[in-house]
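Nothing in this text is a laboratory measurement; each read-out follows from the coordinates by a stated rule. All values derive from a computational prediction rather than experimental measurement. In this analysis, Cβ positions are derived from the backbone assuming ideal geometry, glycine residues included, and neighbour counts consider all displayed protein chains.
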Ligand SMILES: [Zn+2]
């Protein structure tokens, strides 16, 4: 009860400024809990097995509790998780910082496997396509991360984590081609001429400059890819999810909450 009264006093200072005194105060009295996601009123909605009161938001319908015994269920922790996107911190350290289990952290990252935005750029733009080499598990196990890069918008397009054969590159090239580019820059790697129509293709040692800069950010921001790293990805799925998260999660801020 103390908390609610304190809440009223605090709120009344704030609402004096915003001039919506009555509805806000009424909300606070009638609904003692506001949604942690959208700040709308919640109503009581049954109990957990251990007797803890559950609440449901009237607006976004999400279930929640006032406090969480296991931090992984706390939206605030989830919010912090999202900020590990480009911190260059490995799974173990990040999970330790958030005080959640490594398994939970990995489960959240793996969700990004399904992060496949339907990108549609204007016609006639210039793209780079290139690969970054990395390892999975051990040094003998080489993998390539291939992706396209919109040179003017600085946006990634298409992603393949796997080998370096024409079949591996084709998905990425096709996604770029579907946006009707004016020009595609690549290095002199032999697989590209068979995939990219000659009139669009520009090949050369320093041609795909922009994407090479992006490779540097990738190596800096994703612990799996840091040079001389001790924490290679253990699985291809995990690596791909990690990169999808890095590339496209900002486009769908609520993605991890679904
Ligand atoms: Zn809500």
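Here are a few things to note about the model shown:
- For a paramagnetic label modelled on residue 102 (point 7 Å from Cα along Cα→Cβ), amide N atoms under 13 Å away belong, within segment 217-243, to 231-235.
- When DSSP beta bridges are restricted to pairs lying wholly in segment 114-257, around 70% turn out antiparallel.
- Sorted by Cβ density within 10 Å, fewest first, the residues 55, 127: 55, 127
- Across the alpha-carbon atoms of segment 114-257, the computed radius of gyration and Dmax are 14.8, 44 angstrom.
- Gain upon complete extension [residue 251, residue 114; 0.36 nm per residue less C-alpha separation]: 48.0 nm
- Exposure proxy shown here: for 211, 226, the number of other Cβ atoms within 10 Å sets the order, fewest to most, as 226, 211.
- Cβ-derived FRET efficiency at R0 45 Å, residue 61 paired with residue 190, nearest 0.05: 0.25
- Ranked 212, 175, criterion: other C-beta atoms within 10 Å, fewest first: 212, 175
- Rough spin-label spacing in nm, given labels placed 7 Å along Cα→Cβ, for residue 77 and residue 50: 1.1 nm
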